[in-house]
1. Do we find a residue being of a type in the set (Val, Ile, Thr), part of a loop (DSSP other than H, G, I, E, B) and either in contact with a Gly (Cβ under 9 Å, 6 or more places away or on another chain) or at pLDDT 95 or above (or both) anywhere in segment 72-81?
2. Can you pull out the residues in segment 392-406 that are in contact with an Asp or Glu (Cβ under 9 Å, 6 or more places away or on another chain) and at pLDDT below 95?
3. Here are the criteria: (1) among the polar types (S, T, N, Q); (2) assigned to a strand (DSSP E or B); (3) open to solvent by 20 Å² or more (accessible area, probe 1.4 Å). Tell me which single one Thr489 does not satisfy.
4. Among the residues of segment 138-168, write down those that are modelled with pLDDT under 95 and out of contact with any Phe, Trp or Tyr (no Cβ under 9 Å at 6 or more places or on another chain).
5. Please find, within segment 1-47, the residue that is modelled with the highest pLDDT out of those that are more than 28 Å from the chain's Cα centre (by Cα) and among the small types (Gly, Ala, Ser).
6. Anything in segment 114-126 that is in contact (Cβ under 8 Å) with a residue 40 or more places away in the chain and crowded, with 19+ Cβ neighbours inside 10 Å? List them, or say none.
7. Name, by its number, the condition in (1) without any contact (Cβ under 8 Å) to a residue 40 or more places away in the chain; (2) open to solvent by 10 Å² or more (accessible area, probe 1.4 Å) that does not hold for Leu91.
Amino acid sequence: MKQIATCFAATLVAATACADEALLMPDASPDRVQTPLNVPFTYLGTIRPRAASEIKASNWTVGCEGLDRDFDDFTKFRHVIEPLGIKTIRLQAGWAKTEKVPGTLDFTWLDEIVDYAVGHGINVLLETDYGNPAYPGGGGMYLGASFPTNEIALAAWDHWVDELSKRYKGKVRDWAMWNEPDIGVEWQKVGPSIPCRRKTPEEIAAQNVRTARIIKRNIPNARIGALSLAQNKAEFLEACLQAMGEDVKFFTWVIYHGYCPNPDASYEEVEKQKEVVKKYNPACELRQGENGCPSGWVPNTALSKWPWSEYSQAKWDMRRMLGDLGHDVESSVFTLMGGGENKSLLRRGKDKSVVDFKIAYYAVQNVASVFDCTLARRTNALAITTKDETIALYEYRKRGKDQRPVYVFWERGDLKKFHPRTNPQCPSDSFQTRPVAFTVRRALKEPVWVDLMTGRVYAFPRKNIIPTGFGDTCIYKMVPVYDSPCLLTERSVVLEDKETSK
């Protein structure tokens, strides 16, 4: 009998090991991303991906949405979260999945996800949505659904939020409100969409405050994101905050989404929203809570009806991340798996397993590996400038004595001519660069040019650095620029131990 038990245990261990080996892991090789990009510089190496465990903190969140509606199986893709290098995941708490029978709460499914994240050093942003059809007037469980409306359903909502926040006290500090309440269509699991009356700012404000008040009662130090609006409009946001009155004090962030075909065209409205937020709560910050790009043509959802590809998706996602960072806005990438939606960073099989990594996964991974809390953004008196107004340009410095600079730039287009329909200026599939001259007052000792999509690092030629005769100021000429983020920085920032090509 003992021999049988021993054999069974050995078989179980072997089966588990085989299952683990079967999991598809991201490629960490120097040539993990192939593109047609051709630059006439000497290749030095490739950025080493850094796991989330190697990063203390950063600006990024990645979406793990849809688990509340069984769009995905967390156990099938959780192993690729930590290698991505992002330390916060966005989850939807799923009232309808947790309380399938009125009066009976079962958090087992969510416990498994939260416990895995916390156990692997991953922070959780937990969103309180959607409604629950198990209750008459309980609202729907899909995007655009109505809020709970009658006293019985509202009391059940309050009870769920109360138990939810009590259960995850000490595990979840960051919370968000009902996803995109300003969407006016309730999507049904089967059949056509059913029109749903658009919620007013007053209704959204009341639902947010009601929910936040319960969370704060149980977790006084909770950080809560208000609104989670689909749109990027300062006027509507202000109407919601105005309706909250003094209760806006419950919130740490105000969250917006606001998809735009050219992500750089978003920031005029973003800056307006930041002013509105400070007007109503100076301690509150604006936060981008959901943005991502398809990797192919889609007939509906955000950024639909455009011939996107894996290349343009990767460009878009990086430009959104780095544009947000350059405007001091916390940033979320939508999405890791996302119910197989085309905006995902992964491709999934029929069994919901990971079958491939899109280029955008590696591009986002490169951004996360470089742009962490060890970098500080310069907001004025930049040490790098250009006369070309179509270039997005930001400057960062490594914290510490040496203050090594990181200059990031890309071709953003002529934003004065941008129009979401007639001239969307979407990132393209082209890898044709053009030469741009930059004036640099903080010279680089070992200058390198980096393509963030591939992570490939090249020596920047000394012959292309022309002294101006004014101190250390030089002209960096013939710098390759295209519509994807690139860097000029010190070799030591992106390569370790004088890494060279093999």
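1. Initial filter on segment 72-81 (of a type in the set (Val, Ile, Thr)): 75, 80-81.
Narrowing the set further to residues that are part of a loop (DSSP other than H, G, I, E, B) leaves none.
No - not one qualifying residue is present in segment 72-81.
2. Residues of segment 392-406 that are in contact with an Asp or Glu (Cβ under 9 Å, 6 or more places away or on another chain), as a first pass: 392, 398, 402, 404-406.
Within segment 392-406, just Asp402 meets the criteria.
3. (3)
4. Of everything in segment 138-168, those that are modelled with pLDDT under 95 and out of contact with any Phe, Trp or Tyr (no Cβ under 9 Å at 6 or more places or on another chain) turn out to be Ser146, Thr149.
5. Just the residues of segment 1-47 that are more than 28 Å from the chain's Cα centre (by Cα), to begin with: 1-19, 21, 38-44.
Going one step further and asking which of them are among the small types (Gly, Ala, Ser), we end up with 5, 9-10, 14-15, 17, 19.
Working: Ala5: 37, Ala9: 37, Ala10: 37, Ala14: 37, Ala15: 39, Ala17: 38, Ala19: 47.
Result: Ala19.
6. In the first step, residues of segment 114-126 are kept if they are in contact (Cβ under 8 Å) with a residue 40 or more places away in the chain; the result is 114-116, 118, 120-126.
Matches in segment 114-126: Val114, Ile122, Val124, Leu125, Leu126.
7. It is condition (2) that Leu91 fails.
Condition check ((1) within 27 Å of the chain's Cα centre (by Cα); (2) in contact (Cβ under 8 Å) with a residue 24 or more places away in the chain; (3) open to solvent by 40 Å² or more (accessible area, probe 1.4 Å)) across all residues:
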site	(1), (2), (3)
Pro424	yes, yes, no
Ser430	yes, yes, yes
Arg434	no, yes, yes
Phe438	no, yes, no
Arg441	no, yes, yes
Glu446	no, yes, yes
Asp451	yes, yes, no
Arg456	yes, yes, yes
Ala459	no, yes, no
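The values are calculated or read from the model by the stated rules, or taken from the named source; none is laboratory data. What you are looking at is a predicted structure, and each value in this text was computed from that prediction instead of being measured. Don't worry about glycine lacking a Cβ; one is built from the backbone with ideal geometry, like all the others, and counts go over all protein chains shown. All accessible areas refer to the heavy atoms of the entire protein, side chains included, with ligands and DNA or RNA removed. Shrake-Rupley method; radii C 1.70, N 1.55, O 1.52, S 1.80 Å.
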